[in-house]
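Quick notes on the structure that follows.
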Amino acid sequence: MFKRLSPPEATNEAVVTFHFDEQTVTARLGDTVAAALLTSGISICRSTPVSNAPRAPYCMMGVCFECLVEVDGNPNVQACQVEVRDGMHVHTQQGARRLTS
Amino acid sequence: MITHDLVILGTGPAGMAAATTALEYGITPVVIDEQPAAGGQIYRALESTPVRDRRILGEDYWSGESLIKGLKDPQIDYRPATTVWQLTRQREIGLLHDDKAEMICARHIILATGAMERPMPIPGWTLPGVMTAGSGQILLKSAGAVPQAPVVLAGCGPLLLLLATQYLRAGVEIAAILDTTPRNRYRAALKHTPGALRNASTLLKGVGLLRELRRAGVRHIKGVSALRAEGSGQLERVLWKQQGDDNWQTLETPTLLLHQGVIPNTQITRAVDCHHEWDEQQLSWRPRLDEWLSTDIPGIAVAGDGGGIVGAKAAAMQGQLAGLGAALALDKLTLANSTERAQPIRKALARDTAIRPFLDVLYRPAKQWRLPDDDTLACRCEEVTGGEIRRMAEMGCRGPNQTKSFTRCGMGPCQGRMCGITVSELLADANQQSVEETGYYRLRPPFKPITLGQLAKAAEEG
Amino acid sequence: MQQCDFAVIGGGLVGSAIAYGLASQGHQVSILDEGDVAYRASRGNFGLVWVQGKGQEIPRYSQWSMRSASKWSALSQELFELTGVATQHHNPGGVHLCYSEAELASREVDLDALSQATDRQFSFKMLNHSQLHDLIPEIGESVTGASWSSWDGHANPLYLLRALHAGIRCHGGRFLAVGKVKEIRRNGESYVIESNHQTITADRVILAAGLGNRELAPQVGLDAPLIPNRGEILVTERMRPLLNLPTTYLRQTGEGSILMGDSHEDVGFNDGTETPVLAQIAKRAVRALPALANTRVVRSWGALRVMTPDGYPLYQASESHPGAFIACCHSGVTLAAAHAKCLAPWFAGAEAPSEITPFTAERFHVQTSIPA
Ligand SMILES: Cc1cc2nc3c(=O)[nH]c(=O)nc-3n(C[C@H](O)[C@H](O)[C@H](O)COP(=O)(O)OP(=O)(O)OC[C@H]3O[C@@H](n4cnc5c(N)ncnc54)[C@H](O)[C@@H]3O)c2cc1C
Ligand SMILES: Cc1cc2nc3c(=O)[nH]c(=O)nc-3n(C[C@H](O)[C@H](O)[C@H](O)COP(=O)(O)OP(=O)(O)OC[C@H]3O[C@@H](n4cnc5c(N)ncnc54)[C@H](O)[C@@H]3O)c2cc1C
Ligand code: FES
C-alpha cells in the first residue's frame, strides 16, 4: 500500500476522478492507472487465467504484465503504462479476457 | 513506408545523448519511447515529478535536466508514448501510437532500450504487496508515492541502497533492509578496488549511501541466506534466515521490495536475432557489439545498459559513441574524423566503467537467489515452477525452447521477459552445461502486444 | 558405444510417435535428436487432427488419415493415463470456411468426389451462413458458408510431443539429444550411427528426421526429395471460450488463446516471420470472426513444413539396407495415432498397413535404390 508524500489536493496539482470496479477514485493528473490504484488502497488488480491467483503491479515499467486491468471496456491493458483520465472506467481483470467489440 | 536516416529507440541517457550527438553532425533523428516523457529509468518523470525537494531524489537524478533539454531541439523528431512492436533485419520498425500501428524504415538504428531488474524468484514473490525496488522508485519519482507502512527492502545492489536513502530522505519508515550479499563477497571484491578507484566518485557515493543509512539507524540485516514472502491473498509477512543461524525470523509488513541488480533488456535484440553472448561476470545475456557498438546486423547498434550494464553516465557516453557511429555509417564523418572524436569519449568511458568489475563481484547474486526452488514459480505468467523446469531437463530438454513448448513457460503475456534468464540458468544447472550452450528463448514479434485489427491495418498502409 | 534394437533418428512428432509405438510393444528404442534449436515442425504447427479435403489425388491418404483420426482418442487417453500429460484432443468436427457461393459449390464437388472415392467412409455436410452461425455465433457476415466434417478435430501438438516423450521413457525407451546425426554405416547386421556427440549402434534404423532426412536417406539407399515450406502462425492472449470447434486456419486452444495462420511460402530454410504475411493472416482472421479485431497478438512464428513434391507422405523400407526405413509427412499431428499404432508394428516386422503402399519415393520417378 502506498501513500502520497503530499496529497495532490494539498499542492495545486490537477486532480482527476475515475472509477475502479464499484469505487470512485481520485488521482493526480499524469499518474499511471497503476500508481493511482496503489495510492488509493487498491492492492490487487487481476486474477490469473491459470490458477485464479490474485496479482498486483510488480515492475511498474512495462515488463512483467502483472498489472493487467480492463480500461474503458478494453481488457488486458497494462495499468502501469496508461495514464488516468477523468471519468475512466477501470475494472479488475478476472482470468482470461472476454471478447469485446 | 517512409525511410529515415536514423531512428533511436529509447530516451534514457543513452538514447538522448545519441540523438544530440547525431544532430551535431547534421543527422535529424527520429527518437521513440513508450514513456510519455523523456528520461528513461534514471531520469524518469524529471519534468513532472511531484517530488520537488531536490534532496530526496538526489543530484544524480536532477543532472538529467540538460540531456532532456537537448532532446527537445525542434530538429529532433521526438515521439513519446510510442511503442515499438516489430523490428526486422531490414530495419523496418513497427510503431504503435494512440492505438494506431504504423511501419517506418531506417538506414541506421540505435537501440537504447536499457535494463530491467533481475528477477528474484523467492517463495511468495507473486503475492500482491511484493514488488521490485525499481517499481518503488518509479512510484516515488513519477507519482510521489511511497509505502504507507514500514517497508522491507531485500536483496542487493546499488539501486536497493539508493532507494533506501531516497526513502529515508523522504521520511519513509524502513522496517529493515535484508541484505543478501554473501559475507565473503566483500573480500572477493577488494581485488577490484584499484580499478574501482579510477572512478572514485561513484565509489564514494556508494560509501556515502551506506553511511547515511547507518547514521539514521536503519535496521540493515546482513548475510541474509533465505527469504520468504507469506500471506493469504496478499503479503502479510517476510521471513528470513541469516548465515549461520537456522531459525526463521519474521517481520509483519504489507510491502516488500525486492532487487538484485539490473540486466540488459534484450527483448528486441533477441527478436531480430542479433548474436548474443553470456556474460559470466554480469550473469546476463548481452548482444555482441563492435567498437562502434554495432551488432552483427548491418545498421543496428546498441547503446547503454541494453548492451551490458554500465550505469547512467557511461550509458550517455555510449550514446555519444553510437551517435558518432551513426554519422560514420551515414557518411557524415570519415573514419579518421570519427575515430579522432571518439578518442576522448572512449577514454572517459574506460574510466567510468572501471568500477564495474568491483560492483559486479560485490553484488553478484548467489545461485540460490537466481534459481528458484522446486515449489517456487519461475514463470509468473504461466505459473511454472522451478521443479517443473528441472523435470524437463530430466526428460531431455537441453534448452529453453523445447522446455517452453512442453510447459508453456515463457508463453504468457510478458513474453518471457520475467522468466527468460531464470530458465536458461536453471536448465544449464540441471543439465550441467554452460548457459551459453543452453541458450535463450527464440523471440518473435510482436515485442509488445498489438491487436489483430492494428496489425491488419499496419500492412495495408505499409 | 550405446546399443539398441531400434534407433529412431529425429525426435519430432513422426519419430516420437513411432518410437512410442515401438517402445509400448516392448522394443528397446532410442530416439536420437538435435538440441534445443533446430528445424522442428512439430514445435511450430497448428494442431489440427484433420481429414476433410485430404487425399483428393490419392484417396488412400484419406483412408490413412481416417485410420489415424479414429485411433486418436484412444491414444490420447492412453498417454494421459501413462504420463499424466493431457493432449487436449477434442473431436467436435471441424469447418472449412468459404467466402462465396462459387467457392462453396466447388468445395462440395471436391469433397463429394473424395467421399465417393473412399466408399463414403469420408462424410461431410455443407453449411449455409445461418447453419454456420448456429455453430459459431461470432462468425462474420462475409463468410458465405462452410463444409463440416465429423472426422475433424484438434489437439495441443506440444503436449502431444511431450506426452510421447514421457511415454517413451515410461516404456524404457531413451531420448538422446546427441546433436545432428552425420553418418549412418552398415556394420555386419547392424547400423553404426555417428553424431556430433555420440556413436550408437542399432539393429534397425528409422529415419524420421523431418527435413534432415534429405541428407540421411541416401546413406541407407533411400531417397527423400523434401522441400521446406514455411507456414507462419499468430497466437493471441488467452480468451474466454468463443470458438468451440476448429476451422482450417483458426482455432481456440485449450488455454484459450486463438491460433491462426496457414501461409504456404517457398522460402527455403528460413523459418522467420514477415510483417505483410502476419498482417494478411490477421486480416483473414478478423474477416472470419470480426469480434477478434480487438484481441491482442502476443506471439508469432514461422515453421517449416516437411513437404514432398506432391505433398503426400513418404514411408519406405530400404531394399539395399535391410532394417532401414524412412517416414515423413506434413501431417504429423493427424497421423500420430496411425504412426504409433499401425506404422511402428511394420518396422518391427508386421505387415505394412495397406493404406501406405502408394507412398514410396518411386512415384517421384527417380532412381531410389543404389546398390549396397
Ligand atoms: C527500474 C529501474 C530504475 C533505475 N533507477 C536508477 C537510478 O535511480 N539511478 C541510476 O543510476 N540508475 C538507475 N537504473 C539503472 C539504469 O539502467 C541506468 O542508470 C540508465 O537509466 C540506463 O540508461 P539507458 O539509456 O541505457 O536506458 P534507460 O534509461 O532504461 O532507457 C530506456 C528507454 O527505452 C524505452 N523503451 C524500452 N523498450 C521500448 C519499446 N519496445 N518501445 C519504446 N520504448 C522502449 C524505455 O521506455 C526507456 O525510456 C535503474 C534501472 C531500472 C531498471
Ligand atoms: C505451420 C505448420 C502448420 C502445420 N499444421 C499441422 C496441422 O494442423 N496438423 C498436422 O497434422 N500437421 C501440421 N503440420 C505438419 C506437422 O507439423 C509435421 O508433419 C510434423 O511436425 C513433422 O514431424 P517430423 O517429426 O517429421 O519433423 P520435425 O518436427 O521437423 O522433426 C524433425 C526432427 O528431426 C531432427 N533432426 C533433423 N535432422 C537430424 C539429424 N541429422 N540428426 C538428428 N536429428 C535430426 C530435428 O531436430 C527434429 O527434432 C504443420 C506444419 C507447419 C510447419
Ligand atoms: S507492473 Fe509490470 S508491466 Fe505493469
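Here are some notes:
- Qualifying residue in the range C:182-191 (condition: assigned to a strand (DSSP E or B) and within 26 Å of B:N431 (Cβ to Cβ)): yes
- Every residue from the range B:233-252 that is more than 16 Å from ligand 3 (Cβ to nearest atom) and facing another protein chain (nearest Cβ under 10 Å): B:G233
- Residue within the range B:378-400 that is touching a Ser or Thr at 6+ places or on another chain (Cβ under 9 Å), without any contact (Cβ under 8 Å) to a residue 12 or more places away in the chain and small (G, A, S) present: no
- Where a residue in the range B:42-64 is away from every other protein chain (no Cβ under 14 Å) and closer than 17 Å to B:P13 by Cα and its partner, wherever it lies, is away from ligand 2 (no atom under 16 Å from the Cβ) and of a type outside the set (V, I, T), with Cβ under 6 Å and at least six apart: B:W62/B:R54; B:G64/B:G39; B:G64/B:Y43; B:G64/B:L46
- Test result for C:L13, surrounded by 20 or more Cβ atoms within 10 Å (Cβ to Cβ), within 14 Å of chain B (Cβ to nearest Cβ), over 19 Å from C:A146 (Cα atoms) and away from ligand 1 (no atom under 16 Å from the Cβ): yes
Okay, residues lined up against (1) more than 14 Å from chain B (Cβ to nearest Cβ); (2) of a type in the set (S, T, Y); (3) within 16 Å of ligand 3 (Cβ to nearest atom):
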position: C:S24; (1), (2), (3): yes, yes, no
position: C:L32; (1), (2), (3): no, no, no
position: C:Y39; (1), (2), (3): no, yes, no
position: C:V51; (1), (2), (3): yes, no, no
position: C:M66; (1), (2), (3): yes, no, no
position: C:L79; (1), (2), (3): no, no, no
position: C:V95; (1), (2), (3): yes, no, no
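- Residue match in the range B:366-378 (condition: assigned to a strand (DSSP E or B) and buried (at least 19 other Cβ atoms within 10 Å of the Cβ)): yes
- Enumeration of residues in the range C:114-147 that are of a type in the set (A, V, I, L, M) and touching a residue at least 24 places away in the same chain (Cβ under 8 Å): C:L114, C:A117, C:L127, C:L132, C:L135, C:I136, C:I139, C:V143, C:A146
- In the range B:46-66 there is no residue that is within 20 Å of the chain's Cα centre (by Cα), at positive phi and buried (at least 22 other Cβ atoms within 10 Å of the Cβ).
- Scanning the range C:297-317 for residues that are of a type in the set (K, R) and at pLDDT 95 or above returns a single hit, C:R305.
- Out of A:N12, A:N74, one residue alone is within 16 Å of ligand 3 (Cβ to nearest atom), more than 8 Å from chain B (Cβ to nearest Cβ) and at pLDDT below 95. It is A:N74.
- Filter result for B:L324 (within 14 Å of chain A (Cβ to nearest Cβ), crowded, with 22+ Cβ neighbours inside 10 Å and not in a loop (DSSP other than H, G, I, E, B)): no
- Condition check for B:I93: within 24 Å of the chain's Cα centre (by Cα) and surrounded by 15 or more Cβ atoms within 10 Å (Cβ to Cβ): yes
- Filtered residue count, the range C:273-329, keeping only those that are more than 23 Å from C:G53 (Cβ to Cβ), away from every other protein chain (no Cβ under 14 Å) and touching a Pro at 6+ places or on another chain (Cβ under 8 Å): 1
- Within the range C:153-185, the set of residues being over 19 Å from the mean Cα position of the chain (by Cα) and basic (K, R) comprises C:R169, C:R174, C:K180, C:K182, C:R185.
- The residue list C:A352, C:A340 contains one member that is away from every other protein chain (no Cβ under 14 Å), away from ligand 1 (no atom under 16 Å from the Cβ), closer than 29 Å to C:G188 by Cα and surrounded by fewer than 22 Cβ atoms within 10 Å (Cβ to Cβ), which is C:A352.
- Here B:R107 passes the criteria (1) surrounded by fewer than 20 Cβ atoms within 10 Å (Cβ to Cβ); (2) assigned by TED's automatic domain parsing to the domain that holds B:R270; (3) out of contact with any helix residue (DSSP H, G or I) (no Cβ under 9 Å at 6 or more places or on another chain) except the one numbered (3).
- Scanning the range B:415-451 for residues that are modelled with pLDDT under 95, crowded, with 23+ Cβ neighbours inside 10 Å and hydrophobic (A, V, I, L, M, F, W, C) yields a single hit, B:I450.
- Filter pass, A:T17 being touching a residue at least 24 places away in the same chain (Cβ under 8 Å) and either within 16 Å of ligand 3 (Cβ to nearest atom) or acidic (D, E) (or both): no
- Top-ranked residue in the range B:275-318 [being more than 16 Å from B:I421 (Cβ to Cβ) and within 14 Å of chain C (Cβ to nearest Cβ); ranked as nearest to ligand 2 (Cβ to nearest atom)]: B:H275
- Restricting A:A34, A:A53 to residues that are facing chain B (nearest Cβ under 10 Å), surrounded by fewer than 19 Cβ atoms within 10 Å (Cβ to Cβ) and among the hydrophobic types (A, V, I, L, M, F, W, C) narrows the list to A:A53.
- Enumeration of residues in the range A:79-101 that are over 15 Å from A:S43 (Cα atoms) and either within 16 Å of ligand 1 (Cβ to nearest atom) or modelled with pLDDT of 95 or more (or both): A:Q81, A:V82, A:E83, A:V84, A:R85, A:D86, A:G87, A:M88, A:H89
- Scanning the range B:152-210 for residues that are of a type in the set (G, A, S), modelled with pLDDT of 95 or more and surrounded by fewer than 15 Cβ atoms within 10 Å (Cβ to Cβ) yields a single hit, B:G171.
- Residue in the range B:116-139 that is charged (D, E, K, R) and more than 30 Å from B:D273 (Cβ to Cβ) present: no
- Flag for C:R107 being of a type in the set (K, R) and either surrounded by 14 or more Cβ atoms within 10 Å (Cβ to Cβ) or touching an Asp or Glu at 6+ places or on another chain (Cβ under 9 Å) (or both): yes
- The set of residues in the range B:252-265 that are surrounded by 17 or more Cβ atoms within 10 Å (Cβ to Cβ) and not polar (S, T, N, Q) comprises B:P254, B:L256, B:L257, B:L258, B:H259, B:G261, B:V262, B:I263, B:P264.
The values are calculated or read from the model by the stated rules, or taken from the named source; none is laboratory data. The structure presented is a predicted model; accordingly, all values stated were derived computationally and were not measured. No Cβ is skipped: glycine too gets one built from the backbone with ideal geometry, and neighbour counts run over all protein chains shown.
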